[in-house]
Amino acid sequence: MAADVDADRAAAAVNGITGARVTVDPFSVIADDEVDAVVVASSDATHADLVIAAVRAGKPVLCEKPLAPTVAECERVVAEENAVTAKTGVPLISLGFMRRYDPGYQQLRREVAGGSVGRPLLVHCISRGVAAAPGATTESSVTGSAIHEFDVLPWLLGSLITEVSWHAPRSTSAAGVELQDPQVLLLRTADGVLSTVEVFLNATYGYDVRCEIVGEVGAVALVEPARTVIHRNRGRSVGYPADWRPRFADAYRAELQAWVNGLGGLTDPDMATAHDGLQAGRVADAVLGSMRSGGAAVAVLGAGPEPRR
Ligand SMILES: NC(=O)c1ccc[n+]([C@@H]2O[C@H](COP(=O)([O-])OP(=O)(O)OC[C@H]3O[C@@H](n4cnc5c(N)ncnc54)[C@H](O)[C@@H]3O)[C@@H](O)[C@H]2O)c1
């Protein structure tokens, strides 16, 4: 069953799937007796209520990032899950932070854990896109795009982000008045590592996600975007994907498969939880606080337990 408030998009989602039903009411899908588990991939602002409905129905739910756009909503979702988990012992919420399933990020994590570049000191993250989605704002660039870094950095380093600051150069002429683009964030983790994050939604030339971890005896970096290089006409080139879909196609598939395996009891330790979503939301909130105060260093409030290694 698929639901979308836009009936045409609901129909398109199940195109070619024999027997699939569609509706414009997502809550009726969650309540349907034939539905065992739920994927929420609607707009960010809809996530909290839909995930809570799934939790109350006792159904496992994979929710796209972010868990919700505000800390208050994330806390509401986590409280609902905690209430159910206290009775059943079984958490129901998984979160779509798919970078954890990207082969490149997984290799970075293994290198850090294995000590091949020594004790990490710095991380440099870059997230560039071709063009911002319609309606993108300075705030949604943090809560919707940079949020990936707020999850993947603690996952890579095994240490929580505790302090942030927000910075910006002049904005690109491609961005509207509602959007400061690019933005630069400085993130400190409890282990003393400093991470730089550039988020540039209107970079125009391609979808380009980079990450380099600098350690005491070396550095390790993603070599994406391409697996091949073309040599031609006395030139050397690699292509950039147009957006996140080709770049993270393998990660989305692996994440979904891990979630499906989890429904059968094979819980994957890399799968992000509702608590991870809340933690990333707290970092986003601190970044917005820094933004509003002109770039001051802001502590991340309510930091939870250190991430799993
Ligand atoms: N993990 C990632 O890399 C990644 C990448 C892109 C998008 N996302 C997330 O996936 C979600 C969807 O993103 P998108 O780019 O497909 O957005 P989109 O705007 O193209 O699609 C959102 C869909 O949700 C539908 N919708 C809105 N309100 C609804 C409601 N109350 N009930 C049911 N349907 C509703 C809209 O009609 C639309 O079809 C967002 O939360 C986004 O942040 C994650």
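Observations
- Residues in segment 182-192 that are touching a His at 6+ places or on another chain (Cβ under 9 Å) and open to solvent by less than 20 Å² (accessible area, probe 1.4 Å): 183, 185.
- Residues considered: 37, 3. Of these, the only one that is under 26 Å from residue 133 (Cβ atoms), in contact with a Pro (Cβ under 8 Å, 6 or more places away or on another chain) and surrounded by 15 or more Cβ atoms within 10 Å (Cβ to Cβ) is 3.
- The set of residues in segment 23-77 being touching a Cys at 6+ places or on another chain (Cβ under 9 Å) and of a type outside the set (A, V, I, L, M) consists of 47, 66.
- Selection from segment 184-202 of residues that are without any contact (Cβ under 8 Å) to a residue 60 or more places away in the chain and closer than 20 Å to residue 133 by Cα: 184
- Failed criterion for residue 205 (all others in (1) free of Cβ contacts under 8 Å to residues at least 40 places away in the same chain; (2) open to solvent by 40 Å² or more (accessible area, probe 1.4 Å) hold): (1)
- Among (1) under 30 Å from residue 28 (Cβ atoms); (2) within 10 Å of the ligand (Cβ to nearest atom), the one test that residue 145 misses: (1)
- One residue alone among 206, 218 is small (Gly, Ala, Ser) and more than 22 Å from the chain's Cα centre (by Cα), and that residue is 218.
- Filter result for residue 25 (surrounded by 16 or more Cβ atoms within 10 Å (Cβ to Cβ), within 9 Å of the ligand (Cβ to nearest atom) and at pLDDT 95 or above): no
- For residue 40, the test of being under 25 Å from the mean Cα position of the chain (by Cα), more than 10 Å from the ligand (Cβ to nearest atom), at pLDDT 95 or above and closer than 23 Å to residue 152 by Cβ is failed.
- Pairs are defined by a Cβ separation below 7 Å, a sequence spacing of at least 6 or placement on different chains, a first member in segment 222-233 that is of a type in the set (Asp, Glu), and a second member that is at pLDDT 95 or above; the pairs so defined are 224/104; 224/209; 224/247.
- Taking first residues from segment 23-36 that are within 10 Å of residue 3 (Cβ to Cβ) and partners that are more than 14 Å from the ligand (Cβ to nearest atom) and open to solvent by 30 Å² or more (accessible area, probe 1.4 Å), the Cβ contacts under 7 Å between residues at least 6 apart in sequence or on separate chains come to 30/57.
- Subset of segment 38-57 (residues that are out of contact with any Asp or Glu (no Cβ under 6 Å at 6 or more places or on another chain) and either of a type in the set (Asp, Glu) or part of a loop (DSSP other than H, G, I, E, B) (or both)): 42, 43, 44, 49, 57
- Exactly one residue out of 55, 77 is open to solvent by less than 70 Å² (accessible area, probe 1.4 Å), within 16 Å of the ligand (Cβ to nearest atom), touching a residue at least 12 places away in the same chain (Cβ under 8 Å) and of a type outside the set (Lys, Arg), and it is 77.
- Elements of type strands (runs of 3 or more DSSP E) contained in segment 87-181, each with 3 or more residues being open to solvent by less than 60 Å² (accessible area, probe 1.4 Å) and within 20 Å of residue 206 (Cβ to Cβ): 120-128
- Selection count, segment 262-285, where residues are of a type outside the set (Asp, Glu) and touching a Ser or Thr at 6+ places or on another chain (Cβ under 8 Å): 6
- Selection status of residue 35, away from the ligand (no atom under 14 Å from the Cβ), among the hydrophobic types (A, V, I, L, M, F, W, C), closer than 29 Å to residue 265 by Cα and not in a loop (DSSP other than H, G, I, E, B): no
The values are calculated or read from the model by the stated rules, or taken from the named source; none is laboratory data. Given the structure is predicted, the values throughout are model-derived calculations rather than measurements. With ideal geometry, Cβ positions are generated from the backbone for all residues, glycine too; neighbour counts draw on all protein chains shown. Accessible surface is based on the protein model in full, side chains and every heavy atom, while ligands, DNA and RNA are left aside. Shrake-Rupley method; radii C 1.70, N 1.55, O 1.52, S 1.80 Å.
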